[in-house]
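The values are calculated or read from the model by the stated rules, or taken from the named source; none is laboratory data. Remember, predicted model here, so these are calculated numbers, not experimental data. Backbone-built Cβ (ideal geometry, glycine too); neighbour counts: all protein chains shown.
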Amino acid sequence: MKKLSIGLSILLCGIILIFSYASWKEKLASAGKPAEQAIAAAPVEETEEDVEAVSEETADIDLESLTASMDPQVQEVFLNRKEQGEKVQFLIIGSEAMNDGEPGYASLLTDALESSYADFVETDVMSFDGTSEEFLMSGPDLSSGYDVVLMEPFTLKNNGRVEIETEHVHIQNVFGEILSAESDAELVLHPPQPIYGAQFYQTQVNALEQFAEMRDYAYINHWEQWPSTEDLTLKDYLTEDSNPNNRGAAAWADALIAYFTGS
């Protein structure tokens, strides 16, 4: 009888051990499996959705026509991003003149890009009231991975305050920060608005165009859309403070839109 009791006790302990081990393995598996699935599956699903969203919106875009007026290096960025299934991150930098007029050239250009490219181009605007030196000292965040940067380098604000050569160094500093975040980014320069009777300012703008050519930066000469700086009718495009009015903003925007959309 005593031997029977001992045998039953051993058998019972064995059953308990086996059950406990099986239960432990089941809990371990159930705890680990969802975590592995979450790590492996979630990013794949998000990536597929992102790529699909980009390709659906850009499938019908005639990118060759839209980019036909761009410099080859700028056009190449647009074509590469579409081929990679990515959006173009576009940044507009300049003085507060971009907001003058109702609307200003920055708003007109942003609307035209959205109308032409749908969501293929995402545009940020960064305006600053000061010189190029003050802009850099303000610590602008240029680390977002911008692909194309349209920059009006504060040339009018620099007039009499920042030397021509120093302005050009500031441009390179800005673009250097852009390149550190996106190695194949491209810079497009354009001057501020013309003013009537420009003298040394005209020299600054001429030097800016020559600098762009020397450094192989794209350059948009929107002054061709305005009357000459010696033409009194130029004042019809400007406010009393020589800022763009509605007419001036439209003339400025027309040149930029033609460059970036081919129309």
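For segment 213-239, a tally of residues being under 19 Å from residue 105 (Cβ atoms) and either at pLDDT below 95 or outside any helix (DSSP H, G or I) (or both) returns 9.
Do we find that residue 127 is of a type in the set (Gly, Ala, Ser), surrounded by fewer than 20 Cβ atoms within 10 Å (Cβ to Cβ) and over 30 Å from residue 242 (Cβ atoms) in this structure? It is false that residue 127 is of a type in the set (Gly, Ala, Ser), surrounded by fewer than 20 Cβ atoms within 10 Å (Cβ to Cβ) and over 30 Å from residue 242 (Cβ atoms). Looking only at segment 149-190, residues that are of a type outside the set (A, V, I, L, M), part of a loop (DSSP other than H, G, I, E, B) and either under 20 Å from the mean Cα position of the chain (by Cα) or closer than 28 Å to residue 87 by Cβ (or both) come to 7 in all.
Note on segment 71-89: residues that are part of a helix (DSSP H, G or I), farther than 19 Å from residue 143 by Cα and among the charged types (D, E, K, R) amount to 3. Filtered by the rule that a residue be exposed (fewer than 14 other Cβ atoms within 10 Å of the Cβ) and touching a residue at least 12 places away in the same chain (Cβ under 8 Å), segment 186-220 gives 197, 200, 203, 216. Scanning segment 176-218 for residues that are touching a strand residue (DSSP E or B) at 6+ places or on another chain (Cβ under 8 Å) and closer than 17 Å to residue 76 by Cβ gives 178, 182, 185, 186, 187, 188, 217, 218. Among residues of segment 71-91 that are free of Cβ contacts under 8 Å to residues at least 40 places away in the same chain and over 17 Å from residue 144 (Cα atoms), those with a beta-carbon under 8 Å from a residue that is surrounded by 14 or more Cβ atoms within 10 Å (Cβ to Cβ) and hydrophobic (A, V, I, L, M, F, W, C) at least six positions away or on a different chain give the pairs 79/63; 82/61; 82/63; 82/120; 85/54.
Within segment 235-256, the set of residues being within 22 Å of the chain's Cα centre (by Cα) and surrounded by fewer than 21 Cβ atoms within 10 Å (Cβ to Cβ) comprises 254, 255.
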